[in-house]
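Beneath this line is the structure, given in C-alpha cells, with notes to follow.
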Amino acid sequence: MEKIDLKTIKKRSENEFKKAVDLKELDEIFKKYLGKKGEITQILKTLSKLPNERRAKIGKGINELKNFLEEKIEDKKSYFTKATEDKEEWLDITAPGKKPVVGHLHPLTLIKRRIEEIFQAMGFSVVEGPEVETEWYNFDALNIQKDHPARDFWDTLYLKGGNLLRTHTSPVQIRFMEKNEPPFRIIVPGRVFRHEATDAKHEVNFYQVEGLMVGKDVSVANFKAVIQEFLNRFYQKEIKLRLRPSFFPFTEPSFEIDINCIVCGGKGCSTCLGQGWIELMGAGMVHPNVLKNSGLDPRNWQGFAFGMGLDRLAMMKYKINDIRLFYSGDLRFLQQF
Ligand code: PHE
C-alpha cells in the first residue's frame, strides 16, 4: 500500500483554493478533491481495505482534512457570491458604454428632406395639404371636367360620402392660391393614392412633390432654370434634361420632363429601357381656368407648376429597381440607408 501523505494533500489543496478567483474555479477544485472521483473521496473509499490500526489513524486524518476543505470552500464560496451580488449594485463609470440601438430615417424621408432643402435655398416655401380630398379640389378646380376622359388618367380611390384619396398633390395648388396673393413659390411634398395594380414601378400609395411659382411674368424659362438647378444639386452632377410636349388639363402648354438616364448616362440600359431618357415629372404653365378657380385674375398673374414622383427620384438616386421595397418594411433593405 502506498503511503498516504495527508499533509501534502492538505498543503496542495489549500494553495489551490487560495488561488481560485471565481466560483467556477472553486467548483473545479471541489470536484478534484471532494467530488465523486475526487482525491479525498477515493482515499475514503479505500479505508476499509486498510488494517485496523492504520485505518483508524488515516481515517481520522482524512476526515479532518475533508471537514477542513469543506469549510474553506464554504467560506470562499460565500465570499464570491457576495462579491458578485455587490457588483450588481456597483457602477463602473469607466467601463465602455453599451451602445443604444437607434433607428434611422426612411430613405423616402431622407429624399424628401433633401428636396425641401434645395428648393428652400431657391426661395420656395414648403406647404402641405390634406390626403383626403373633395372632387372639387382634386379634379374640378384643376379644370378636369366631370365626364372628361382626362379623369381616367388618375385611377381614383373614392371614399363613402363622396370624398376621395387625392390622386396627386395638385389640389394643394388651388388651396394655396385661394388663401395667398402672388407672387409666391411653393413646393408641396405629400402622399398620393391610386387604384392601381402594383408592380416594380407602381404602388397604390406613393409620394409626389408639387411645385408652383406664380408672379407677374413667371415663364417656362424660369421653370427650366429652377428645375435644372434642382436636378444638378439633387444628383450632384450636371443633368441633361428635355421638355417634351404633353397634356394636362390644368396646365397650358404642358410638358413632360425627361432626364438623361442616371444609371447609363444616356447610352441605354434596362432602367431606361434602352431609351437613354427617364421620364421624371409633368409640368406646364398654370391654366387660366385654374387661376380663376382659385380666385386669381389670369390677366394679372401667370406661373408654372410641376409634379414629380418622389419615389422615382429616390429610385434613380439610390439605383433601386422596385418601388415596393420602400413600403415593404424589410430591414435588410432599409438598413442600407
Ligand atoms: N399632377 C400631375 C400628375 O400627377 C403632375 C403635374 C403637376 C403636371 C403639375 C403638371 C403640373 O401626373
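The values are calculated or read from the model by the stated rules, or taken from the named source; none is laboratory data. These numbers were taken from a predicted model, which means no experiment stands behind them. Don't worry about glycine lacking a Cβ; one is built from the backbone with ideal geometry, like all the others, and counts go over all protein chains shown.
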The range 146-176, residues that are among the polar types (S, T, N, Q) and more than 16 Å from the ligand (Cβ to nearest atom): Asn163
Quick one: which residue in Gly276, Gly303, Gly307, Gly295 is within 14 Å of the ligand (Cβ to nearest atom), farther than 15 Å from Gln228 by Cα, modelled with pLDDT of 90 or more and among the small types (Gly, Ala, Ser)? Gly303
Given the conditions (1) of a type in the set (Ser, Thr, Tyr); (2) without any contact (Cβ under 8 Å) to a residue 40 or more places away in the chain; (3) more than 18 Å from Ala197 (Cα to Cα), which single one is not true for Tyr158? (3)
Condition first: exposed (fewer than 15 other Cβ atoms within 10 Å of the Cβ) and among the charged types (D, E, K, R). Now tell me which residues in the range 241-267 satisfy that. Arg242, Arg244, Lys267
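Results for (1) closer than 21 Å to Glu116 by Cα; (2) outside the structural domain of Arg324 (by TED's automatic domain parsing); (3) more than 12 Å from the ligand (Cβ to nearest atom); (4) at pLDDT below 95, shown as yes or no for each residue.
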| residue | (1), (2), (3), (4) |
| --- | --- |
| Glu178 | no, no, yes, no |
| Val192 | yes, no, no, no |
| Ala197 | no, no, yes, yes |
| Val204 | no, no, yes, yes |
| Glu210 | yes, no, no, no |
| Asn222 | yes, no, yes, no |
| Arg233 | yes, no, yes, no |
| Pro245 | no, no, yes, no |
Among residues of the range 122-143, those that are part of a helix (DSSP H, G or I) and buried (at least 21 other Cβ atoms within 10 Å of the Cβ), counted: 4
From Val188, Val214, residue being under 27 Å from Arg113 (Cβ atoms), within 12 Å of the ligand (Cβ to nearest atom) and surrounded by 16 or more Cβ atoms within 10 Å (Cβ to Cβ): Val188
